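The values are calculated or read from the model by the stated rules, or taken from the named source; none is laboratory data. Because the structure is predicted, anything quoted here is derived from the model rather than measured. Note: ideal-geometry Cβ built from the backbone for every residue, glycine included; neighbour counts use all protein chains shown.
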Amino acid sequence: MPTIDAHYPIDHMDMRMFWDVCQHFSTHFPEFGNVRYTVEGDADLLLLEETDFAWMLRKFQGREHQVQTMLARFHLLDADNPLQTAIVEIRFCRKASHANTWGLSVYAEKVERNRYYHFEEFIFDSFEIEERVEDWIAFGQPCELLAMVVDIRGFSTFCEQPNIESPYTCGLMSAFYKIIEQSLRRYPPNMLKFMGDGVLAVWETHAKFRDLVIAVALASAMGLEQRWQAVCKSPRFSLGAPEHTGVGISLGLASRLEVGNDYLGRPINIASRLCKACPEDRIYVDHAVPSLPLDWKKEDVGVMIKPFGRYQVRAFFKKDRPKGLSSDERY
């Protein structure tokens, strides 16, 4: 059962309303029978782990303005696993004292989603929930990024074969993802995103360790196809697999997106385009990436990528460069 972490921007809720919410939760989840309440004021803890809510109402009658935060903690003891407990927390913070976290929040472990849905109906039916676009906007945090995009060449066409079923393709992709994770374990990226038959790895870089990150990314990219081909020859993949990969690497300024722990920016877009344009025997590295190895075989290449037009990259060869290839290629 998934953990639920929900927030409802409710402007006002007094102690009796909060009690109603908690009672409805207990109705839908009677197994969480052990409930304790904590109340906080502007600067002080007013009550801690109190069990008698009726006594709390009497105590704060006429003085509810002192209450800024109300917390109910529900405990579940699993009889089959006595050492593992589950916790549900229902919290309300007044808007006046919590500019960023005000409203009702519910954190719930080991609760069935369908039962929670029916409990949640009470919240939507009983309270006015504010929905202001201004509260959702969080501008990105600028940062320098190294982005590497890797994909498997011809994977979509391979999967269209009538004898290739989804469990088999999942086996291929799980092995591919694991290879990339292991190849980057010396300096793990800030984000590793799986995108169908491809992977995006992103590092936030700085002058102090930029060269190290670039070395790790490039070394991983150069050895990736050999490791992947070894996996493809496994007896477990008797139906075959696309053996070649494409890689694009770029560096530049971007932004961290707080929602979803993601990144947006030009280096990610360029790395994706370079990966798509890259022949299977090479790795395309943006000219903006510094400190590249001097002793590795490479050449300057001009490629046409949308929407950037003609773009200069350094092409690193996975093997010796085949004869007859022009250094100015179009994709």
Q. Say we look at region 208-217 and pick out the residues that are surrounded by 14 or more Cβ atoms within 10 Å (Cβ to Cβ) and out of contact with any Leu (no Cβ under 7 Å at 6 or more places or on another chain); which of these is nearest to ILE152 (Cα to Cα)?
A. ALA215
(Q) Checking the conditions here, which among TYR107, TYR117 is without any contact (Cβ under 8 Å) to a residue 60 or more places away in the chain, farther than 22 Å from GLY223 by Cα, assigned by TED's automatic domain parsing to the domain that holds GLU89 and aromatic (Phe, Trp, Tyr)? (A) TYR117
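Results for (1) exposed (fewer than 13 other Cβ atoms within 10 Å of the Cβ); (2) at pLDDT 90 or above; (3) over 24 Å from the mean Cα position of the chain (by Cα), shown as yes or no for each residue.
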residue	(1), (2), (3)
LEU77	no, no, yes
ASP80	yes, no, yes
ILE90	no, yes, yes
HIS98	no, no, yes
ASN114	yes, yes, yes
Q: Select from region 298-318 the residues that are surrounded by 13 or more Cβ atoms within 10 Å (Cβ to Cβ) and charged (D, E, K, R) and write down the one among them that is farthest from SER220 (Cα to Cα).
A: GLU299
Q | Every pair of residues 6+ apart whose Cβ atoms lie under 6 Å, when the first sits in region 284-297 and is closer than 13 Å to LEU146 by Cα while the second is of a type in the set (Ser, Thr, Tyr) | A | ASP286/SER250
Q.
Consider region 1-53. How many of its residues are of a type in the set (Gly, Ala, Ser) and closer than 15 Å to ALA72 by Cβ?
A. 3
Q) Does SER174 fit the bill of being outside the structural domain of PHE32 (by TED's automatic domain parsing), of a type in the set (Gly, Ala, Ser), in a helix (DSSP H, G or I) and within 15 Å of HIS244 (Cα to Cα)? A) no
Q) Quick check: anything in region 197-207 surrounded by fewer than 15 Cβ atoms within 10 Å (Cβ to Cβ) and of a type outside the set (D, E, K, R)? A) yes
Q: State all residues of region 248-280 that are under 20 Å from GLY154 (Cα atoms), touching a helix residue (DSSP H, G or I) at 6+ places or on another chain (Cβ under 9 Å) and surrounded by fewer than 23 Cβ atoms within 10 Å (Cβ to Cβ); if no residue qualifies, say none.
A: GLU280
Q | Residue, surrounded by the fewest Cβ atoms within 10 Å (Cβ to Cβ), within region 15-32, restricted to residues that are in contact (Cβ under 8 Å) with a residue 40 or more places away in the chain and part of a loop (DSSP other than H, G, I, E, B) | A | GLU31
Q) Is it the case that region 131-138 has a residue that's at pLDDT 85 or above and more than 23 Å from the chain's Cα centre (by Cα)? A) no
